[in-house]
Amino acid sequence: QVQLVESGGGLVQAGGSLRLSCAASGRAVSSYTIGWFRQAPGKEREFVAGISWSGGNTYYADSVKGRFTISRDNAKNTVYLQMNSLKPEDTAVYYCAARVGLGIGSLRQQYGSWGQGTQVTVSS
């Protein structure tokens, strides 16, 4: 089982940037497809972006396409989410999750290991 810890959240003004990190331990992150999800108050947890184990394939939700970039450094056992041009509607707790299997899943139930989340707040 892999353990995941997110970091890098914070308060930023609209139009600003943040980079989230997802550090893995217990097993090599290279064994997993990694996804980023977010959950705003009163809303369902939603898929944001995913990256294959090799980093060769990525997939984004339409709401973040062109603004967010997911990447990974398997040597550092870390996956990143670079968030640019942030909007108030991006405010949420962001979670990274690990999935064993082929393909980048966008459904919460496809991921078996989750981090504790990091808060991102975008002020207008």
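The values are calculated or read from the model by the stated rules, or taken from the named source; none is laboratory data. Please read all numbers here as calculations on a predicted model, not as lab measurements. Backbone-built Cβ (ideal geometry, glycine too); neighbour counts: all protein chains shown. Ligands, DNA and RNA are excluded from the accessible area calculation, which covers all protein heavy atoms including side chains. Shrake-Rupley method; radii C 1.70, N 1.55, O 1.52, S 1.80 Å.
Scanning region 34-68 for residues that are modelled with pLDDT under 95 and in contact with a helix residue (DSSP H, G or I) (Cβ under 9 Å, 6 or more places away or on another chain) yields a count of 3. Residue check: is GLU6 at pLDDT 95 or above, open to solvent by less than 60 Å² (accessible area, probe 1.4 Å) and among the acidic types (Asp, Glu)? It is true that GLU6 is at pLDDT 95 or above, open to solvent by less than 60 Å² (accessible area, probe 1.4 Å) and among the acidic types (Asp, Glu).
If the requirement is being more than 14 Å from the chain's Cα centre (by Cα) and of a type in the set (Lys, Arg), which of these qualifies: LYS65, LYS76? Before you say what the answer is, go through the steps one by one.
Numbers: LYS65 fails: more than 14 Å from the chain's Cα centre (by Cα).
Selected residue: LYS76, the only one of LYS65, LYS76 that is more than 14 Å from the chain's Cα centre (by Cα) and of a type in the set (Lys, Arg).
In this structure, GLN39 does not satisfy being over 15 Å from GLN116 (Cβ atoms), surrounded by fewer than 22 Cβ atoms within 10 Å (Cβ to Cβ) and not basic (Lys, Arg). For region 58-101, the candidate set comprises residues that are under 20 Å from GLN1 (Cβ atoms) and touching a residue at least 60 places away in the same chain (Cβ under 8 Å); within that set, the residue that is surrounded by the fewest Cβ atoms within 10 Å (Cβ to Cβ) is GLY101.
In region 81-90 there is no residue matching the filter, namely being in contact with a strand residue (DSSP E or B) (Cβ under 6 Å, 6 or more places away or on another chain), within 15 Å of CYS22 (Cβ to Cβ) and part of a loop (DSSP other than H, G, I, E, B).
Please verify whether region 103-116 includes one or more residues that are within 24 Å of LEU11 (Cβ to Cβ) and part of a strand (DSSP E or B). Within region 103-116, one or more residues are within 24 Å of LEU11 (Cβ to Cβ) and part of a strand (DSSP E or B).
Has region 44-57 got at least one residue that is open to solvent by 10 Å² or more (accessible area, probe 1.4 Å) and of a type in the set (Phe, Trp, Tyr)?
Residues of region 44-57 that are open to solvent by 10 Å² or more (accessible area, probe 1.4 Å), as a first pass: 44-47, 52-57.
Filter once more, so that each one left must be of a type in the set (Phe, Trp, Tyr): 47, 53.
Scanning region 44-57 turns up at least one residue that is open to solvent by 10 Å² or more (accessible area, probe 1.4 Å) and of a type in the set (Phe, Trp, Tyr).
Can you find a residue that is among the basic types (Lys, Arg), part of a loop (DSSP other than H, G, I, E, B) and touching a Phe, Trp or Tyr at 6+ places or on another chain (Cβ under 9 Å) anywhere in region 33-56?
Residues of region 33-56 that are among the basic types (Lys, Arg), as a first pass: 38, 43, 45.
Now restrict to residues that are part of a loop (DSSP other than H, G, I, E, B): 43, 45.
Cutting the leftovers down to touching a Phe, Trp or Tyr at 6+ places or on another chain (Cβ under 9 Å) gives us 45.
Yes, region 33-56 contains a residue that is among the basic types (Lys, Arg), part of a loop (DSSP other than H, G, I, E, B) and touching a Phe, Trp or Tyr at 6+ places or on another chain (Cβ under 9 Å).
Among the residues of region 9-30, those that are part of a strand (DSSP E or B), under 19 Å from ALA75 (Cβ atoms) and open to solvent by 20 Å² or more (accessible area, probe 1.4 Å) comprise ARG19, SER21, ALA23, SER25. Scanning region 83-117 for residues that are farther than 19 Å from TYR60 by Cα and of a type in the set (S, T, N, Q) yields a total of 2.
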